[in-house]
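For reference, the structure discussed in these notes is given below.
Since every read-out is calculated from the coordinates, none of them should be taken as a lab result. Since this is a predicted model, take the numbers as computed values, not measurements. Here the Cβ positions follow ideal geometry from the backbone for every residue, glycine too, while neighbour counts run over all protein chains shown.
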Amino acid sequence: MMRILSACAALAIGVMSVAPADAAFLPERIKVVEVIDGDDFYFTVPENGAASAGITYRGKLMGVDAPDKQQCFADRSRLLLKELIGGKSIQVKYDSGDKFSDHGGFHLMYLYWGVNDELDVNAAMIETGHGVVASPEFDRKREFVGLEERAEKNGRGGWASISDGGCIPD
């Protein structure tokens, strides 16, 4: 039922949401067309003759949980992700196993950007305190937990508002 509602909502705003059932649809490069919040975005696959070209999909940073709209630090988190990936062509990598989409139909991805795709976007969101480690298991969880612990210890990003005893208004 939830998947049907999500698909209807996506169609109502002109966005088609497709979750890969297997490894058949795993693009290596995407173009980010809109950032929703600090860990969710819409993307297309560059035109290359693929059947998926021209379709808009929903993506999520693998292993990252950022504030949702109306939550403390949500705007700052969204703005950083927009600065890092908004409108850009991004290299994509995936977790091992069958963790390619979540229960909401979002494609779970590790994103890399830069001249040589050297900027690890997922790690940057956690390292700067603009996101925390997501709860499900994933390949890089141990690494991300270390980044989150350092961000908290150093009062980076959203951790600054917690250490001050409250939320910094966006």
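Observations on the model:
- A simple spin-label model places pseudo-atoms 7 Å from Cα toward Cβ; at residue 89 and residue 75 they are separated by 3.4 nm.
- Inter-label distance, nm, simple model (7 Å from Cα along the C-beta direction), residue 154/residue 68: 3.0
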